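To start, the structure under review is shown below, and the notes come after it.
Read-outs throughout are calculated quantities, based only on the coordinates presented, and are distinct from any laboratory measurement. Note that the structure is a prediction, hence the values are computed from the model and not measured. Don't worry about glycine lacking a Cβ; one is built from the backbone with ideal geometry, like all the others, and counts go over all protein chains shown.
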Amino acid sequence: MNRTVAAVDCGTNSLRILIADPAPDGGLIERVRRTEIVRLGQGVDATGRFADEALSRTFAVLDDYAHLLAAYGVGSGRIRMVATSAARDVANRDAFFAGVRHRIGVVPDVISGVREARLSYVGALGSAAVRDALGEEPVLVVDIGGGSTELVIGTGDGEIAGSVSLPMGSVRLTERFLPSSPPAAAELAAATGFVDGLLDDCGLELGRVRSAVGVAGTVVTLAWLAGAAPADQARMPGAVISRAALDAVAKSLAARSAEQIRAVPGMHPGRADVITAGALIADRIVRRLAATGLVVSVADILDGVALEIVSDAG
């Protein structure tokens, strides 16, 4: 019997898939993990609709993912797709739903920010390398997406004490506050003020956090730029970006244009114009913590969703 499962995560900036088998220890045996930048949230903050070209990019990647699912024999009953920030409030999400169902046979589950945060927490701490790199509790998991940032505080063994989803992400912050390339000082100040205001009112005691874990593409990219880990993601879990290194990377990115960032060898071209905003968000969060930096986790919401499928299947 084929027990392979597939989790698909559609965010504001990226469309990702994890195909995995259940492991005897309760974890996952990864078969495929892919990320494609589709920028589904292009202009959503201003228009309230998915752009036609953004839907086209997303559907083209889903066509490729459908071939992967068929190759690994994953039926629709063992596929789960979650859609996050970009799909929560758009006027034309029915067109998105229909296109997804046509290609991979499931309807996306548009999850709340709280559920997104909890799935990210479960997934992030599923890595033994990450757990080994943690210091004292409480632990904060940080998931910086394109449209929102999820913060979850809990313990190293997975018990969650509090979570929040904040409407600040790398794409949203760039589109709203950082139109220039490189951004002007006044633009950076406005973006920083916006992020700090949301963190001030987030309801979590961030100053008590002794260990922090960062997940998803923004943090992985920042770890590589900071020299904390190689570009090969398979070797990144458990790497640590120090507070000083993160501050230096954020300042360096803010001084460069998107074209200059895109020219950095190994930089994903679809992330180059928004990584400055992502670095700003990460830096402002870490400044508030008692932790000395961010532990990198390649495992994230995809792993949380996949583990949920395995659990539900029994």
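Quick notes on this structure:
- Of every Cα-Cα pair in the stretch 159-314, the percent that sits beyond 27 Å: 25 percent
- The chain, helix-only ellipticity at 222 nm - DSSP H runs n ≥ 4, -39,500 (n - 2.57), divided by all residues, nearest 500: -12500 deg cm²/dmol
- Comparing V274, V215, V74 in a Gaussian network model of the chain, where Cα atoms under 10 Å apart are tied by springs, the biggest mean-square fluctuation is seen for V74.
- Using the Cβ-Cβ distance between V32 and H102 with R0 = 22 Å, the FRET efficiency computed as 1/(1 + (r/R0)^6) comes to roughly 0.55.
- Separation of the D21 and L68 label points, Cα + 7 Å toward Cβ, nm: 1.8 nm
- The DSSP beta bridges internal to the stretch 98-246 are antiparallel in roughly 70% of cases.
- Debye log10 I(q)/I(0) for the stretch 1-141, one point scatterer per Cα, at q = 0.14, 0.18 Å⁻¹: -0.71, -1.07
- When Y65, Y72 are arranged by Cβ crowding within 10 Å, least crowded first, meaning fewest neighbours, the order is Y72, Y65.
- Ranked list, fewest to most other Cβ atoms within 10 Å of each Cβ, for V141, V310: V310, V141
- When only alpha carbons are used to place a centre, the stretch 41-69 and the stretch 81-109 end up 9 Å from one another.
- GNM result for the chain, Cα springs below 10 Å: residue of A258, A223, A60 fluctuating most strongly: A60
- DSSP bridge orientation in the chain - percent antiparallel, rounded to nearest 5: 65 percent
- Normalised by residue number, the volume inside the convex hull of the Cα atoms of the chain is 120 Å³ per residue.
- Take every pair of alpha-carbon atoms less than 8 Å apart whose residues are at least six positions apart; their mean separation over the length of the stretch 5-113 yields a relative contact order of 28 percent.
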